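Right, one structure below, let's go through it.
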Amino acid sequence: MSMVGFPLLLIPLAIYNIIVFLMPGVSLTEPVVKLTLMSGAEWPVTLSDMLLALGIFLLLLEIIKGARPGAKYLTDHLLSLIVFGGAAAEFVLWPRFGTSTYFLLTMLALVDFLSGIALRARRGKQVASAPVVSGQGARTPAAAPEPLPAAAPSAPAMASVAESGPPEHPEPKIVHPDVTPNPPSPVVTSPELQPGNGSPPSRDVPPR
């Protein structure tokens, strides 16, 4: 779950407010440290220089954070606008904020707001021109060219197909199972019962 980004440019502005309201004896223009360069010159580093360097570094982080896809939402841009509006109001209305250091910090807040708007507009154009992604994860182009109509088959080819007719299939042969015939009944040889075996049996003639 993404959270609303904190406006980093608020940090140097808050430090400047703390120094002005809570540390009135601290001067922003007095050198804090002196650095000797390779050329031999001494570079006095003031508190204003440190605040400006911190503001530039935080502006770089804000731009990197806003360049990521889906990093900044409308609420983030609104917070950047509020920070810039508050800093501009303090620079114009309060005498102690009318310095070059605070003016440059206010300009950094303005750059942060404008860069976020520009990155969001460019990201919207890239999303609109990107190909559509389907549910299965395959990319489909925005508009596919219409396929050309297939050429109709020639008349001789259609006639040859009609004459050929459907392929002939051999008729299935019905195979009957082998039926064994019943064995013939046995013949019983009996001379008395079989016809044509001789003269009929003689009968006893009663005496007259």
Residues whose built amide H sits under 5 Å from the amide H of Val45, excluding neighbours closer than 5 in sequence, are Val32, Val33, Lys34, Leu35
Considering the options Phe57, Leu79, Pro95, tell which one lies farthest towards the positive end of the dipole of the stretch 10-125, charges being +1 on Lys and Arg and -1 on Asp and Glu at the Cβ, about the Cα centre.
Leu79
On a full-extension model of 0.36 nm per residue, what is the gain between Leu22 and Leu78, subtracting their alpha-carbon distance, rounded to one decimal in nm?
17.3 nm
Can you tell me the dipole magnitude for the stretch 10-125 around its Cα centre, using point charges on the Cβ only (Lys, Arg +1; Asp, Glu -1), in Debye to the nearest 20?
660 debye
Between Ile56 and Leu93, Cβ-based FRET efficiency (R0 35 Å, step 0.05) works out to 0.85
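Throughout, read-outs are computed from the coordinates displayed, never taken from laboratory work. None of the values given here were measured: they were computed from a predicted structure. With ideal geometry, Cβ positions are generated from the backbone for all residues, glycine too; neighbour counts draw on all protein chains shown.
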